[in-house]
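What follows draws every value from the coordinates through simple rules; no lab data is involved. Note that the structure is predicted; figures quoted are calculated from it, not measured. Ideal geometry is used to build each Cβ from the backbone, glycine not excepted, and the neighbour counts take in all protein chains shown.
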């Protein structure tokens, strides 16, 4: 049997950043005509490795070989010239440009003199050649995530990529779009290209790849044929120990606390000029976790903003613990006992440049011990901050340092603790565990459970179906601003949730919770 | 970069590190300025010595210095207040002018006891300063219109207005020099010789603002709005109101500076009532790096430099040279700000180990 | 009534003459901002160019050497600015203000010997054959100095073609909209930005030379009179498009000329108000355009320093 053809080989790649070894002696051989998955948790070193492969970073030691020849990349352009193309998780597209302009920017083969017609024609030809449906003159900012991804793929292929890297490509796609992506990847494999599929989703990896390499803490934990693996084995290699998918221990909260803490009736809302919520009705009781599943961008953020009071609903009513709250300002909603861990903590929830103390007291600065009759007390604020830090299990050298000097995980823990403290009735958590390391994730989960045990209602929005299956008591699924179905945990399966995510109305249940 | 060394990013440089780098920037700026002067045929060291000797060696010199420090502290404070909400008030010059205009208007024409009139003039100055920033402030708070350009344009208009009044309706009929108005009836009480209480007012304003921004809930809210407006709104802080109020305060401080200048040091409204104080305020705020005591230190430094520029006019220097120096200083301060975020680390050639 | 036609013709001509300064500086700044950088120091570059031009002309008697002096200094200072804001990533407001003060201060200080003396040679009006004999437009449009034609026709048209019709221009716009995307696509972000900033510096200095060699033509302290800041507003108002900028520059030139003519004619309007007219007009367009055109046309990456993660 002849040797499988070399595509790209990484040998002993090592890369360090201040304080952390991101890639430690990594050797992987990606073959032509193969879909090779790169699996690992957040922080395992996948992005760094790919940045080295695409010429954005330079490794401290090790070699890269393309089709058997050693190469040295001094810049992204070198990697592109060597036939390596990457479709990033966060698309590197210019939103204001047309599809044609995005495809032609920075490309050596773009003619010196441009015109809209000639760029359009060239783009149409390329789209046909690679079998992707594209409108050359559409503005990329107006396209759906799946369409934008196609633009990225065509752009990369047009530059002669023989090795295609796709980084977490399904994060923003609906199940139908995922299916068409997989078809496209199969077709590319058939043309003899090497495809590197980066993911942390076990079921996708099992679905699409021929071989899989697992990265753990910057090292290769192993490379296997996918046919020999199952999710349990993959998870074990990813985390380093047997992981049992089980639900966290919980007690049923005493009956007295099981009253309705949140009720939405026919709520519709607009965001950025578009209808983001359509006639949403749901109810959350004290002592339960309602999970909200769905591909990001289907109205989840607007849902949290409407409940938290950041955006007024266009129609419908919201009751928090029996009190109508639609149109209330966020701080008034917070006073009703509602905490909100926001999706983008960089946008709302904290001010990185300000000190830890200043951020810790954002919810409590209006009253003693932080301020009395308008006078702000530094010692009072420090005391509150100290308590929060202790409860969140975060230690800092001094309270005056800017919040952004903490790691992402610590920042999130602090903010989550701050919000949990005021969430007597309801806690809204939007993707709270996104991007966190294992330790921070466990802490966050503990905080959510603690609120549940204390009798508060919790809304947990997440893209990870596994996470919801482990934590939630009920799961509602959103699609295009509507709730397509709600499932008790006992009847929830990934397949049913997936269907609802794709827009299928649940046959067993109406839109009402 | 060079063999054996590597530049490493410091995630968040401390306040002391920032101050150190800014100090180095000042020294470097002066060194280069001295070199340029030498190239042009001057003798920078003797010039420096002469200027310092005069400034610190004589009572008159110290009084001149003190008279400069007062308006500089206030214009610097005005810019820094704007920066608390992350905005640049470049209109200090215009607000200064309009403050002077308003105070002069009262001071020239309205009779009354000085004890009542002087505070009234200060209030008028504050009000005029606020009026002069209100349009750019509102445009920024509501419509996100760039405040740098709008506040700056107002400067030019203010200068024209003052010029018109000083040489027109308020012209001193007895004077042949037509660039200044009739005299103002009231004078600020003196402190020591030529120095008036303006400097006390300036320092009081610094203390007052320090208390406001660090020891009140309102100040906490304003700082939060400056750091992250979205988060602030989300916590229920009325962001636009805080921004407006802070900018109005900034304008008021610059206006008071003008009122004091016209009722103390100069006592007439004239075209050159501000020797670019508003613009110097920008570099003072940049040097202070966000600290209130820093404003006083930076203003002091600028006062020494400006005084030197005036003293050395006979030797070929001028206020314009000081303005050029100010620009150069701003550049170096900016570079210092970035440089403070990096550290030079030694990399052992063989093992590749990194050490401090 | 018969006075009206030559009056209007003069006004038109003065408007074009005055607008030339803004057209030159604005064309340059449009390129700079399309690449994602803000040059707040235009005022300083203008002053330096003005003094350099008049100094060179006084010393050599050669107009083109005056122009060359401005070009060289403009490029040099532009490269320094590029170094500071693109490579060192210094805050663009601080750096811009720094250049503004540095340039204006240096020009006023070192240019003092040249103050008050008109330039020995200036650019004369060109009398375009045949067309300049037309009764109205002849005097107004077809007998202007060469630099004015360059400022309104050559500059904006060339820049428009390069920005919107060439591969280089596509790269420049990409770099201004999303430098990370441009970088991933293989574009040399830093080099392109430096190139554009240097070009902008050159154009700003040229606009200063225009002041002392065409328009005024005497240097005096404060000659630039805020035109650098007005240029910034015009660029926003023109939605970062060079051809629209040329029209806006002309409009501004007209307003300035109007104010000046009114004063000369002894029209009963306050002269201070007339002098303030350009600033008031700029303020108004900032308030209007500052929030309308901005949201859609503004390059998304404007003013944000580009940084690739550490290597």
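If Rh is defined by the Kirkwood formula over all Cα pairs and Rg also comes from Cα, what ratio Rg/Rh do you get for the range B:222-356?
Working: Rg = 21.2 Å, Rh = 18.6 Å.
Radius of gyration relative to Kirkwood radius: 1.14.
Could you tell me the ratio Rg/Rh of the range A:362-473? Both radii from Cα atoms, Rh via Kirkwood.
Across the range A:362-473, the Cα-based Rg/Rh ratio is 1.00.
Show that you can apply the helix-only estimate: for chain B, add -39,500 (n - 2.57) for every DSSP H stretch of four or more residues, divide by all residues, and state [θ] at 222 nm to the nearest 500. Could you put the intermediate results ahead of the total?
Numbers: 13 runs with 244 residues, N = 356.
Calculated mean residue ellipticity at 222 nm is -23500 deg cm²/dmol.
Angle check, please: helix B:92-109 long axis (alpha carbons) against the longest principal axis of chain B (alpha carbons), in degrees 0 to 90, nearest 10.
Rounded to the nearest ten degrees, it is 20.
Extent of the range B:210-294 along each principal axis, from alpha carbon coordinates, in Å, largest to smallest?
49, 24, 20
Please identify which residues in the range B:211-255 have an amide N closer than 15 Å to a label point set 7 Å out from the Cα of residue A:373, following the Cα→Cβ vector.
Under 15 Å, as judged by backbone N against the label point of residue A:373, lie B:216-217 of the range B:211-255.
According to a simple spin-label model (label point 7 Å from Cα along Cα-to-Cβ), what is the distance in nm between residue B:43 and residue C:72?
Placing both labels 7 Å along Cα→Cβ, they lie 3.2 nm apart.
What distance in nm separates the two pseudo spin-label positions at residue A:391 and residue C:221, each 7 Å out from Cα along the beta-carbon direction?
6.3 nm
Angle between the Cα long axis of helix B:319-339 and the longest principal axis of chain B, 0 to 90 degrees, nearest 10?
For B:319-339 against chain B, the angle is about 30 degrees.
Okay, helix-only estimate at 222 nm for chain A: each DSSP H run of n ≥ 4 adds -39500 (n - 2.57), divide by all residues, round to 500 deg cm²/dmol; what do you get?
Working: 16 runs with 162 residues, N = 513.
That comes out to -9500 deg cm²/dmol.
Using C-alpha positions alone, give me the convex hull volume of the range A:32-162 per residue in cubic angstrom. Before the final figure, lay out each step's value.
On the way: hull volume 17.3 nm³, N = 131.
About 132 Å³ per residue, rounded to a whole number.
Using the Kirkwood radius over Cα pairs, work out the Stokes-Einstein diffusion coefficient for the range A:384-435 at 20 °C and 1.002 mPa s, in µm²/s as a whole number. Could you put the intermediate results ahead of the total?
Details: Rh = 11.8 Å.
Value of D from the Cα-based Kirkwood radius: 182 µm²/s.
Please compute the average number of Cβ atoms from other chains found within 10 Å of each residue's Cβ in peptide B:87-93. Let's see the in-between values first.
Details: counts 0, 4, 0, 5, 0, 0, 0.
The mean count of partner-chain Cβ atoms within 10 Å per residue comes to 1.
May I ask you to derive the FRET efficiency for residue A:332 and residue A:480 from their Cβ-Cβ distance with R0 = 41 Å, giving the value to the nearest 0.05?
Working: r = 30 Å, r/R0 = 0.73.
Once rounded, the FRET efficiency stands at 0.85.
Round to the nearest 0.05 the FRET efficiency obtained for residue A:25 and residue A:224 when R0 = 25 Å and r is the Cβ-Cβ distance.
Numbers: r = 19 Å, r/R0 = 0.75.
Efficiency computed from Cβ-Cβ geometry: 0.85.
Which FRET efficiency value, to the nearest 0.05, is calculated for residue A:183 and residue A:464 with the Förster distance at 25 angstrom and r the Cβ-Cβ distance? Walk me through the numbers on the way to the answer.
On the way: r = 25 Å, r/R0 = 0.98.
That pair, residue A:183 with residue A:464, gives E of 0.55.
Per 20 Å bin, what is the whole-percent P(r) computed from every C-alpha pair distance within chain C?
34, 56, 10, 0
Peptides C:168-179, A:186-197: what's the order by average Cβ count within 10 Å, highest mean first? Please report the intermediate quantities before stating the final value.
Values: C:168-179: 24.8, A:186-197: 18.3.
Per-residue Cβ counts within 10 Å, averaged per peptide and sorted highest first, yield C:168-179, A:186-197.
How many times 2.2 N^0.38 Å is the alpha carbon radius of gyration of chain A? List each step's numbers first, then the result.
On the way: Rg = 24.8 Å, N = 513, 2.2 N^0.38 = 23.6 Å.
Cα-based Rg divided by the globular estimate yields 1.05.
Along each of the three principal axes of the Cα atoms of the range C:157-241, give the extent in whole Å, ordering the values from largest to smallest.
That works out to 49, 24, 21 Å along the principal axes.
In chain A, what percentage of the DSSP-assigned beta bridges are antiparallel, given to the nearest 5?
The answer is about 55 percent antiparallel.
Angle check, please: helix A:438-453 long axis (alpha carbons) against the longest principal axis of chain A (alpha carbons), in degrees 0 to 90, nearest 10.
Computed tilt is about 30 degrees.
Dividing the convex hull volume of the Cα atoms of the range B:54-188 by its residue count, what figure in Å³ per residue is obtained?
On the way: hull volume 19.8 nm³, N = 135.
Value for the range B:54-188: 146 Å³ per residue.
Could you tell me the ratio Rg/Rh of the range C:86-160? Both radii from Cα atoms, Rh via Kirkwood.
Working: Rg = 19.5 Å, Rh = 16.4 Å.
Rounded to two decimals, Rg over Rh is 1.19.
Please rank B:250, B:275, A:144, fewest neighbouring Cβ atoms within 10 Å first, as an exposure proxy.
Values: B:250 30, B:275 18, A:144 13.
Listed from fewest to most nearby Cβ atoms, that is A:144, B:275, B:250.
Given just the C-alpha atoms of the range C:39-144, how large is their convex hull per residue in cubic angstrom? Intermediate results must be reported in sequence, preceding the final value.
Values: hull volume 14.2 nm³, N = 106.
Convex hull volume per residue, Cα atoms: 134 Å³.
Averaging the inverse of every distinct alpha carbon separation and then flipping it gives the Kirkwood radius. What is it for the protein assembly as shown, in angstrom units? Don't skip to the answer; put the middle values down first.
Numbers: mean 1/r = 0.0300 Å⁻¹.
33.3 Å is the Kirkwood radius here.
Rounded to a whole number of µm²/s, how large is the Stokes-Einstein D of the range C:187-307 at 25 °C and 0.890 mPa s, given Rh as the Kirkwood radius over C-alpha pairs?
On the way: Rh = 16.4 Å.
For these conditions, the coefficient is 149 µm²/s.
What does the range A:269-382 give for Rg and for Dmax, in Å, if only its C-alpha atoms count?
Rg, Dmax (Cα atoms, Å): 16.4, 47.
Once you have the Kirkwood Rh of chain B from its Cα pairs, apply Stokes-Einstein at 25 °C and 0.890 mPa s and quote D in µm²/s.
On the way: Rh = 21.7 Å.
The diffusion coefficient I find is 113 µm²/s.
If I model a spin label as a point 7 Å beyond the Cα along the Cα-Cβ vector, how far apart are those points for residue B:116 and residue A:11 in nm?
The answer from the label model is 9.5 nm.
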